[in-house]
1. Among B:240, B:156, B:124, whose mean-square fluctuation peaks in a Gaussian network model of chain B (Cα, cutoff 10 Å)?
2. Please rank A:217, B:164, A:57, fewest neighbouring Cβ atoms within 10 Å first, as an exposure proxy.
3. Per residue, how big is the convex hull around the C-alpha atoms of segment B:270-387? Give it to me in cubic angstrom, could you?
4. Would you mind getting me the FRET efficiency between residue B:335 and residue B:154? Use the beta-carbon distance for r and R0 = 35 Å, nearest 0.05.
5. Only Lys, Arg, Asp and Glu count, each charged at its Cβ (+1, +1, -1, -1), so figure out the dipole size of segment A:270-387 about its Cα centre, rounded to 20 debye.
6. Using θ = phi - 60° and the Karplus form 6.51 cos²θ - 1.76 cosθ + 1.60, what ³J(HN,Hα) does each residue of segment B:99-105 get, whole Hz, x for Gly and Pro?
7. In whole Å, what is the distance between the alpha-carbon centres of segment B:245-305 and segment A:225-261?
8. Apply 1/(1 + (r/R0)^6) to the Cβ-Cβ distance of residue A:243 and residue A:59, taking R0 = 22 Å, and write down the FRET efficiency to the nearest 0.05.
2 protein chains.
Amino acid sequence: MAPKGYLFSTVEAAVKKPGRKDIALIVSAVEAEMAGTFTTNAVKAAPVRVCMKKIASGTGQAIVVNSGNANACTGLQGMKDAREMISIVSKGSGIGQDLVYIASTGVIGMPLPMDRMRQPLRTLAGDIGGAALDEVAQTIMTTDTFPKVVHKRLKLGGVSGTISGICKGAGMIAPNMATMLCFILTDFAVGKKTLTAVLKSSVGRSFNRITIDGDMSTNDTVLMMANGLAGNAQFKTDSLDLAKFRKAVEEITYELAELVVKDGEGATKLVEVLVKGARTERDAEKAAFAVANSSLVKTAVYGNDANWGRIICAVGYSGIPFKEEKADIFFNNIKVVKNGLANNRDKEATAALKAKKIRITVDLHAGRASAKVLTCDLTEEYIRINAEYRT
Amino acid sequence: MAPKGYLFSTVEAAVKKPGRKDIALIVSAVEAEMAGTFTTNAVKAAPVRVCMKKIASGTGQAIVVNSGNANACTGLQGMKDAREMISIVSKGSGIGQDLVYIASTGVIGMPLPMDRMRQPLRTLAGDIGGAALDEVAQTIMTTDTFPKVVHKRLKLGGVSGTISGICKGAGMIAPNMATMLCFILTDFAVGKKTLTAVLKSSVGRSFNRITIDGDMSTNDTVLMMANGLAGNAQFKTDSLDLAKFRKAVEEITYELAELVVKDGEGATKLVEVLVKGARTERDAEKAAFAVANSSLVKTAVYGNDANWGRIICAVGYSGIPFKEEKADIFFNNIKVVKNGLANNRDKEATAALKAKKIRITVDLHAGRASAKVLTCDLTEEYIRINAEYRT
C-alpha cells in the first residue's frame with residue numbers, strides 16, 4: 001500500500017519501558033524532496049531544532065523516530081543525543097547525515113536513555129525493509145489507542161501514484177500543529193516550493209484546526225517526502241494535476257486530524273464545531289476555537305446535555321464582534337437557538353447528542369466566512385490518563 | 001458582623017427547584033455610593049445590562065439577587081423580567097427603582113419563572129432585616145459547596161468601620177471577573193470616584209487573576225456599596241487612611257477569590273502560579289495564565305506528578321518571549337528546573353504535591369515584573385459536576 005521506493009524498519013529499545021517497538025526508521029530508496037512544519041511553541045525539542053535547520057535544504061532520504069521520550073527541555077545534551085541518533089542511522093544505512101531527519105515524542109525533560117538506544121539504532125539501520133508502514137505507525141504511538149494511517153492512490157500526469165500519511169497524537173492537541181508527529185510520503189514527483197506550499201495549506205486547515213485540551217506540544221512535527229519514483233513530470237503551477245494532488249493531501253491531513261481527535265485522550269465523541277456567517281475566516285476560527293476549547297461545552301457534550309448557553313457564552317468571550325440576537329445554533333440539524341433565544345428543541349437535541357459524531361453549528365449572520373474546528377468531549381478518563389501519565 | 005445600616009432578607013421561590021432559599025435582598029438604611037465591575041463577555045445577561053446603566057449614577061440602596069437562573073440569553077423578555085423584579089422590590093420596600101440593583105446566576109437561556117417569583121419577591125421586600133449576611137451568601141450559591149464571606153474591621157479617620165464581602169462562584173471562573181457574583185458592603189464614607197478606583201484595582205489583582213476552567217460567564221458582577229454610617233469624613237486622595245482602606249478591600253477580594261478557587265468544581269487542591277523575573281507584568285500574567293489554564297498541568301497536580309515539562313511547555317506557548325535555558329521552576333521551595341533543565345528533585349516535589357495548597361513558581365530571569373494567578377487541580381469530579389449540571 002505504501003508509495004514506491006519507501007522502506008521501513010522498527011526496533012525495541014525500551015526507551016520508556018520494555019515490551020514494545022519504540023524506534024522506527026523511514027527510508028526512501030532515492031533522495032526525496034522534503035517539506036516540514038513544526039511547533040510554534042517557544043520551547044522546541046532538540047529533534048525539532050535539528051529538523052528546522054535541515055529542512056532549509058528541501059531534501060532528505062530518511063526519518064528516524066522514537067516514542068517514549070520527547071528529548072525536550074534536555075539542553076545541550078539533548079542536541080548531542082539527537083545528532084548521535086542521526087549519526088548512528090547514517091553510518092548503518094549509508095545515507096548522508098544531512099539527509100536523515102529526526103523526531104521524538106513522549107515525556108518531556110528527561111535525557112534520552114542513549115545507552116539503551118545505541119545498539120537498537122544500529123539494528124534498525126541494518127534492517128531497512130524489515131517492517132511495514134503500519135508498524136511504523138504503531139511504533140510512534142504514545143497514549144494513542146490505535147495507529148493512524150491513511151492512503152490515497154490516484155492517477156496524475158498519466159501515471160499512478162500513492163500518497164500515504166501516518167500520524168500519532170491524542171493529547172496536547174491544540175490550535176497549532178495538533179498532531180505531535182505526522183509523516184506523509186508520496187512517490188509523485190513534486191517540486192520543493194510546491195511541496196512546501198501544499199503541505200502548509202493542508203496543515204493549516206486540518207492539524208491546526210483541531211483541539212483536544214488546548215495544550216501545544218514542544219515536539220509537533222509534520223514531514224512530507226516526495227521521491228518521484230511514480231515517474232510523473234513535476235506538476236506545473238495552476239495545473240489541474242496539482243489541484244488534484246493538493247486536494248488529496250488535504251484529504252489525508254484532514255482524515256488523519258479526524259483520527260487524532262477520535263483518539264482524544266478519554267474521548268467518547270467526535271465534535272465538529274462549524275462557525276459560519278462570520279465577517280472573516282479569522283473571526284470564524286476564533287469563535288470556533290473558543291467553543292471547541294471550552295471545558296464546559298465539552299463536558300456538556302459528554303453528558304448528553306444540549307446546554308447551548310455554554311456555546312453562546314464561549315462565542316461571547318472569544319473576542320470577536322458578536323450580536324447574540326442574530327445568532328442561530330444547531331446540534332446537527334436541530335436549531336436549538338434562533339435569533340439568540342431558546343427554540344425549545346432541547347429534547348430532540350439531547351437525543352442527537354447520544355451519537356458518536358456531533359456537529360455544532362453557530363451561524364453569526366454577520367458575513368460569509370466560515371471555519372471548522374474538530375474537538376472531542378471531555379471525560380473522567382482524560383483526567384485519569386493525564387493524572388497518571390508518568391507513573 | 002456586617003457593617004452598620006445594612007439589612008438583609010431571603011426567600012424561597014423554587015427558581016430552579018424547591019427546597020432552598022434562592023432570592024436575597026441587600027438593603028442599606030440610607031442611600032449609598034455605589035461602584036461596579038461587570039463581565040467583559042460580549043453576551044451579557046439582562047441583569048448585567050440593567051446594572052451597567054444604573055451604575056453611571058454612582059448611587060444605590062438595594063441589591064436583589066436570585067440563584068437558579070441566570071436570566072441570560074433571554075432577549076427582551078429577560079430585560080422585562082429583570083425590570084419587573086426591581087419594580088416589585090421597589091414597591092415593597094419603598095426604595096426608588098433607580099436605587100435597586102439586580103444580579104442573577106444559574107442556568108443560561110431559560111426565561112425566569114416569574115409566575116413563581118412574584119409573591120416571594122413581595123415577601124422578600126416586606127421582610128427586610130429578617131436574615132443575616134451569611135444567609136444571603138448561602139442563598140446566592142449554585143454549584144458552590146460553601147458560602148463565601150469575609151469581614152474586615154478597621155479604624156480609619158478616627159472612627160471604627162467594617163467592610164464585608166460575600167461572593168459565589170465555583171465554575172466558569174476565568175481570566176476576567178472570575179466570580180460570578182460578589183457584593184462588598186462598607187459603612188465607611190467613600191467618594192464615588194475613589195470607590196470605583198479602589199474596586200477596579202482590587203478586582204484586577206484578585207478576581208481577574210483566578211481561573212478554574214477558562215470559561216467566562218455572562219453574568220459576572222461585582223457591586224460595592226459605601227453608606228457612610230461609620231461617620232468618617234470621606235478619605236482624601238493620597239491619604240494614609242485611603243491606602244489602608246484600599247489594602248483592606250484588596251485583602252477582601254483576594255481572600256474571596258481564594259475561596260472561589262478552593263471551591264473550584266471538583267477541586268482537591270489550591271494552586272498558586274507565580275511567574276516572576278518577567279520583562280513586564282503583562283508578560284508575567286500571560287505566562288501565569290497559560291500555566292494555570294493548562295489541563296495537562298492541572299491533571300498532573302491532581303495526580304501528584306511533578307511533571308514540570310508541562311509547565312515549561314505552557315510558558316512556551318503563552319506567546320511571551322521566553323528563553324528556556326534561563327528558566328527556573330519550583331514546586332513550593334523545591335527547585336525542579338534549573339536553567340531549563342531537570343534538577344533531579346522530582347521525588348521531593350512529588351511529596352510536596354500531596355499538600356492541599358501548592359505554589360508553582362516560574363522565574364524567567366528576564367526582568368523584574370511578576371504576577372500571581374490562582375487556580376485548582378482538574379479532577380474526575382469536575383467532569384461529573386458539569387456533565388450533569390442541567391439534569
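A short reminder: the numbers here are calculations on the coordinates, not readings from a lab. Only a predicted model underlies this, so the values are computations on that prediction, with no experimental measurement involved. So basically every Cβ, Gly included, is an ideal-geometry build from the backbone, and we count neighbours across all protein chains shown.
1. B:240
2. Values: A:217 31, B:164 21, A:57 11.
Going from sparsest to densest Cβ surroundings: A:57, B:164, A:217.
3. On the way: hull volume 10.2 nm³, N = 118.
Per-residue hull volume (Cα only) is 87 Å³.
4. Numbers: r = 39 Å, r/R0 = 1.11.
Using R0 = 35 Å, I get an efficiency of 0.35.
5. Numbers: 19 positive and 14 negative charges, 53 e Å.
Computed about the Cα centre, the dipole is about 260 debye.
6. Karplus-based 3J(HN,Hα) across segment B:99-105 equals 8, 9, 9, 8, 8, 9, 8 Hz.
7. 46 Å
8. Values: r = 25 Å, r/R0 = 1.15.
Calculated transfer efficiency: 0.30.
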